[in-house]
Amino acid sequence: MSTGIDHGRRRLLRIGLTATGALLVAPCAWADPTPNVPPELLGDDLTALGPFVRIERDSRVVIGAPACEVGQGVFTELPMLVAEELDVDWARVRVVQLPYGYVAADGGGDATLYGAQGPAATLPAALAQLRQAGASARWLLLQAAAREWNLPPEQLRTEAGTVVAGDGRTLSYGALVRSAATFTPPAQLPLKAASAYTRVGQPTSTADAQAIVTGARVYGIDTYGPDALVAVIARCPHLGGSLARFDDSAARKIAGVVEVLELPGADAAAAATGVVVLARHTWAALQGRAALVLEWQVPADAAATSSSALRASAHAALDGAGPGIVVRKDGDAARQRRRPARHRIEARYELPLLAHALMEPLNALVELKQDGARVVAALQDPDGASRLVARLTGLQRKDIAIELPRGGGGFGRRLDHDALTEAVLVAKAAGKPIKLMWTRGDDLQHDRYRPFAVHWLAASLDDHKRITAWTHHCAATPLDPATPNAGLLGAGDFPAGHVAHLEQVFHPLATRVPLAGGPWLDALRAFAVQCFIDELAVVSRQDPLRFRLAMLEATPPPAGTDADASARLARVLRECAARIDWSTPRSGGQGLGIACHALPGGCFAHAFEVSVDDGQLHIQRAVCVADIGRVINPLNTTQQLAGATLDGIAATLQQAITFKDARVQQRGLADYPLPRLGLSPRTTQVHVIASDQAAIDPAWAIASAGPALANAVYAATTVRVRKLPLLPELMRML
Amino acid sequence: MPKSTQPPAATPAARVQPPAPLAISINGKPYFHDGDPAMPLLWFLRDRLRLTGTKYGCDDGGCGACSVLVDGKLARACAVPMSAAATHQVTTIEGLAGDTLHPVQQAWIEHDAIQCGYCQAGQIMAAVDLLRRKPRPGEDDIAAIGNLCRCGSQPQVRRAIARAAELLRGERK
Ligand code: FES
Ligand code: FES
């Protein structure tokens with residue numbers, strides 16, 4: 001293997017032939033070791049598991065997918081970048097999943113670079129590195145062809161897996177691999193201009209589609225260690241509670257149950273919070289758990305952790321119990337609100353806790369040995385996982401091998417390591433390899449939830465139907481007490497800047513409920529703001545679309561607003577309206593609704609056409625328009641946007657997690673419905689406005705879906721639902 | 001990992017007299033189960049046979065991730081105990097394709113009805129069942145498919161069902 005190293009750029013490339021004579025190009029993981037150490041001394045610490053390209057002698061190409069696929073499309077999109085620079089026929093490319101590639105020398109790993117969430121979230125440096133991998137392999141093949149033909153490489157070009165000479169002669173990549181491996185590429189090669197792309201920007205099917213539709217693709221839950229026992233855990237259902245006592249005599253009698261243990265706390269002093277059943281197969285483990293007699297130590301203040309207490313504290317805060325945190329204050333909204341105005345309205349919107357409810361509940365396979373560990377789990381943050389396992393086991397990170405199977409959904413839930421932590425603790429305590437399984441009940445009851453929020457909005461409109469004062473108070477459970485309003489109420493939120501007198505105040509609500517961030521946070525405030533705008537349009541008898549556009553397209557743009565961002569938001573609204581045929585009035589119980597949401601770097605709009613008859617909601621059409629920067633695989637982007645739309649529909653209509661006595665009340669999917677065909681729009685249309693700006697994750701489109709749907713329900717029924725989930729409220733109010 | 005094995009001849013410790021083994025046909029091959037007759041078919045498929053295309057997704061038979069065909073009819077493998085599955089013919093996602101993909105699988109690939117993909121084996125089995133009963137399914141028939149998909153792949157699933165219906169009727173190859 002030749003090794004090219006460029007310390008200045010902190011990049012390292014390995015070129016070689018495999019045992020079968022294939023060309024291998026494997027840039028090592030991102031962070032290179034301390035510059036003074038010569039490469040040969042680095043030895044085994046440098047595991048070349050960065051993006052790799054392998055070209056077989058028959059010209060088949062294998063590209064390694066460096067990030068864990070959980071439905072965000074990285075398994076296809078990231079290798080597309082390599083294939084683009086390599087100039088190969090995508091139909092001849094096979095994509096394989098790489099394990100987590102850890103570089104020991106600087107204590108850091110590389111996998112987090114490749115997009116915990118999706119390619120949009122992947123660092124530009126990591127994307128560039130993938131493209132360099134393809135460009136390097138192509139460069140090698142060009143040199144080999146130049147040598148073969150005795151021509152300068154500059155006179156050659158590549159096309160779909162072949163090198164082509166000026167006179168039309170061609171050589172396939174496969175025929176060149178042997179010779180190509182003898183060259184050393186420069187550290188940095190020029191990359192293709194976007195105008196020359198042949199694969200990036202083309203709709204590209206999921207690379208492992210065939211394996212998925214035949215049931216062959218392995219997910220985390222499908223991994224069985226040779227001797228691994230299946231572990232399920234009975235956890236204390238009460239937040240802050242612990243195990244008082246238990247009787248496992250019946251559980252131990254179940255055929256297949258091998259062992260019953262207390263779930264060790266993360267440190268020696270911590271009380272056990274559950275009981276682990278280890279069994280030879282899943283059914284025995286589940287039966288064993290069901291047979292446990294359990295008694296929990298319920299915390300004395302359990303009654304205080306409930307949804308009704310949260311709701312009461314939110315309304316008390318909004319009624320003026322506390323001063324709150326001023327997030328933004330323009331002019332004097334409070335004074336302005338007391339003035340006579342053509343219209344003065346106010347409203348409160350209440351949004352529940354939500355669960356991630358991944359289709360594949362969490363699981364992890366852990367095998368601990370004296371000198372190393374093997375972990376198999378779908379992880380959105382394998383780097384963090386590697387650190388965690390090292391901390392819990394005392395092993396060195398280089399000795400912890402992490403394999404990344406496909407994951408049945410991510411949504412940020414696999415950024416946390418709840419199941420992995422338990423699996424390591426159990427494997428340690430049991431002294432055996434274990435496969436930890438979470439059941440659906442575990443998943444709903446022991447999640448990290450979307451924060452709970454109540455928004456109070458008040459506004460005045462003048463005779464010209466313009467907003468003169470806007471007050472937005474939000475009472476919600478912060479993710480981080482140090483930055484309470486982060487993600488929940490932001491100074492840049494629409495319509496800030498478009499209204500002279502504006503006030504945004506945040507009221508943090510204390511809770512013991514574990515919480516998680518992500519795109520669903522934006523759905524909280526977008527719902528309140530975009531429904532309220534609709535309410536203002538209704539009272540002032542304006543078209544809700546034109547009302548929004550009048551603010552966004554005011555000339556000159558109000559001082560302090562970002563004219564470009566306003567124009568982008570207006571554009572997605574106009575596109576969306578055109579596609580749902582907004583200007584054609586609907587009759588016969590049909591209603592149209594629209595909403596939009598902006599975040600730094602992009603924006604979204606949704607429109608819905610719905611009807612309600614016999615107490616049944618029918619969603620005829622959904623339109624989603626997104627302006628989200630660079631797009632690698634338009635097919636995937638479209639699906640992500642449609643998925644976010646459906647997620648928004650399900651969350652708005654039916655989902656809520658509620659607590660009573662510090663315990664989640666939902667037990668299964670009957671209590672927490674996920675998207676299904678019966679509540680999906682008959683047609684869903686997605687339109688992407690691509691640009692060369694930095695990409696943003698299409699999952700944020702969830703934010704505008706909910707309010708657009710609620711606005712459409714209002715248009716169809718004249719019933720305004722301000723408390724989610726919408727369907728039960730609507731049925732109550734109709 | 002072998003795709004199919006004969007189940008190990010384990011004797012339940014709690015029983016003095018082991019019950020007679022249950023015979024079952026899965027994807028055309030005969031198997032025997034001598035464990036707990038109450039064990040759901042789902043775990044027999046997954047844990048014993050390593051036919052892991054049939055997925056686990058819930059505890060109340062509501063998600064459809066475990067959908068299989070029993071004697072050609074749709075069933076939820078998590079809700080069928082081995083005692084009830086015995087003597088019947090089970091088809092799982094692994095047994096759907098012959099030399100070529102089943103038209104429903106082909107339609108799924110054409111419309112890329114895959115996001116995380118976890119629910120899709122179940123969605124495909126549900127579509128196979130629907131299109132067998134209703135070659136020209138209407139909106140109500142499609143809406144009646146109760147399979148859940150957290151990723152919101154329903155728009156692609158709808159298109160894939162329509163395409164599969166065409167393929168199965170022999171229209172527009
Ligand atoms: S696992 Fe069988 S229906 Fe959910
Ligand atoms: S594709 Fe992920 S749950 Fe359906």
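The values are calculated or read from the model by the stated rules, or taken from the named source; none is laboratory data. These numbers were taken from a predicted model, which means no experiment stands behind them. Note: ideal-geometry Cβ built from the backbone for every residue, glycine included; neighbour counts use all protein chains shown. Calculation scope for accessible area: heavy atoms of the full protein, side chains included, ligands and nucleic acids excluded. Shrake-Rupley method; radii C 1.70, N 1.55, O 1.52, S 1.80 Å.
With the structure loaded, tell me whether B:Val90 is in the same structural domain as B:Ala75 (by TED's automatic domain parsing), in contact (Cβ under 8 Å) with a residue 12 or more places away in the chain and under 15 Å from the mean Cα position of the chain (by Cα) or whether it fails that test.
yes
Evaluate the following for A:Ala135: is it open to solvent by less than 20 Å² (accessible area, probe 1.4 Å), among the aliphatic types (A, V, I, L, M), on the phi < 0 side of the Ramachandran plot and part of a helix (DSSP H, G or I)?
On the way: open to solvent by less than 20 Å² (accessible area, probe 1.4 Å): yes; among the aliphatic types (A, V, I, L, M): yes; on the phi < 0 side of the Ramachandran plot: yes; part of a helix (DSSP H, G or I): yes.
When the stated conditions are applied, A:Ala135 passes them.
Can you pull out the residues in region A:220-238 that are of a type in the set (A, V, I, L, M, F, W, C) and in a helix (DSSP H, G or I)?
Within region A:220-238, A:Ile221 is the sole residue that qualifies.
Condition test on A:Leu420, is it closer than 30 Å to A:Leu549 by Cβ and more than 14 Å from chain B (Cβ to nearest Cβ)?
no
Can you pull out every residue in region B:24-61 that is acidic (Asp, Glu) and within 7 Å of chain A (Cβ to nearest Cβ)?
Correct list: B:Asp36, B:Asp47, B:Asp59, B:Asp60.
So which residues in region B:108-126 are touching a strand residue (DSSP E or B) at 6+ places or on another chain (Cβ under 7 Å) and more than 7 Å from every other protein chain (Cβ to nearest Cβ), if there are any at all?
Within region B:108-126, B:Gly122, B:Met125, B:Ala126 qualify.
List the pairs whose first member sits in region B:95-123 and is within 16 Å of ligand 1 (Cβ to nearest atom), whose second member is among the basic types (Lys, Arg), and whose Cβ atoms are under 6 Å apart, counting only residues at least 6 apart or on separate chains?
As it stands, the answer is B:Tyr118/B:Lys55, since those pairs meet every condition given.
Which residue is nearest to A:Val719 (Cα to Cα), if the candidates are limited to region A:558-574 and must be of a type outside the set (Lys, Arg) and crowded, with 18+ Cβ neighbours inside 10 Å? Can you show your working first?
Quick first cut of region A:558-574, residues of a type outside the set (Lys, Arg) only: A:558-567, A:569-570, A:572-573.
Restricting the remaining residues to those that are crowded, with 18+ Cβ neighbours inside 10 Å gives A:561, A:565-566, A:569-570, A:572-573.
On the way: A:Thr561: 34, A:Ala565: 32, A:Ser566: 30, A:Leu569: 27, A:Ala570: 27, A:Val572: 27, A:Leu573: 24 Å.
Only one residue tops the list, namely A:Leu573.
Does A:Ala626 satisfy the condition of being within 14 Å of chain B (Cβ to nearest Cβ), open to solvent by less than 50 Å² (accessible area, probe 1.4 Å) and not β-branched (Val, Ile, Thr)?
No.
Tell me, please, whether a residue that is within 29 Å of A:Ser566 (Cα to Cα) and in a loop (DSSP other than H, G, I, E, B) can be found in region A:502-518. Don't jump to the end; show me each part of the working.
Of region A:502-518, the ones within 29 Å of A:Ser566 (Cα to Cα) are A:502-507, A:517-518.
Checking which are in a loop (DSSP other than H, G, I, E, B) leaves us with A:517-518.
Checked against the condition, which is being within 29 Å of A:Ser566 (Cα to Cα) and in a loop (DSSP other than H, G, I, E, B), region A:502-518 yields at least one hit.
What residue, of A:Glu295, A:Glu262, is over 30 Å from A:Leu365 (Cβ atoms), open to solvent by 30 Å² or more (accessible area, probe 1.4 Å) and outside the structural domain of A:Leu515 (by TED's automatic domain parsing)?
Values: A:Glu262 fails: over 30 Å from A:Leu365 (Cβ atoms).
Among A:Glu295, A:Glu262, only A:Glu295 is over 30 Å from A:Leu365 (Cβ atoms), open to solvent by 30 Å² or more (accessible area, probe 1.4 Å) and outside the structural domain of A:Leu515 (by TED's automatic domain parsing).
Scan B:Val70, B:Val80 and give me the residue that is closer than 16 Å to B:Lys29 by Cβ and within 16 Å of ligand 1 (Cβ to nearest atom).
The match here is B:Val70.
Check whether at least one residue in region B:127-145 is more than 7 Å from chain A (Cβ to nearest Cβ), within 11 Å of ligand 2 (Cβ to nearest atom) and outside any loop (DSSP other than H, G, I, E, B), and report yes or no.
no
Are there any pairs, at least 6 apart or on different chains, whose C-beta atoms fall under 6 Å, with the first in region A:677-693 and more than 13 Å from chain B (Cβ to nearest Cβ) and the second surrounded by fewer than 19 Cβ atoms within 10 Å (Cβ to Cβ) and at pLDDT below 95, and if so, which?
Correct list of pairs: A:Ser691/A:Gly629; A:Gln693/A:Gly629.
Look at region A:162-189 and say how many of its residues are part of a loop (DSSP other than H, G, I, E, B), modelled with pLDDT of 95 or more and closer than 16 Å to A:Ala135 by Cα.
Residues that pass the stated criteria total 0.
Out of region A:190-219, which residues are assigned to a helix (DSSP H, G or I) and outside the structural domain of A:Trp139 (by TED's automatic domain parsing)?
Result: A:Ala209, A:Gln210, A:Ala211, A:Ile212, A:Val213.
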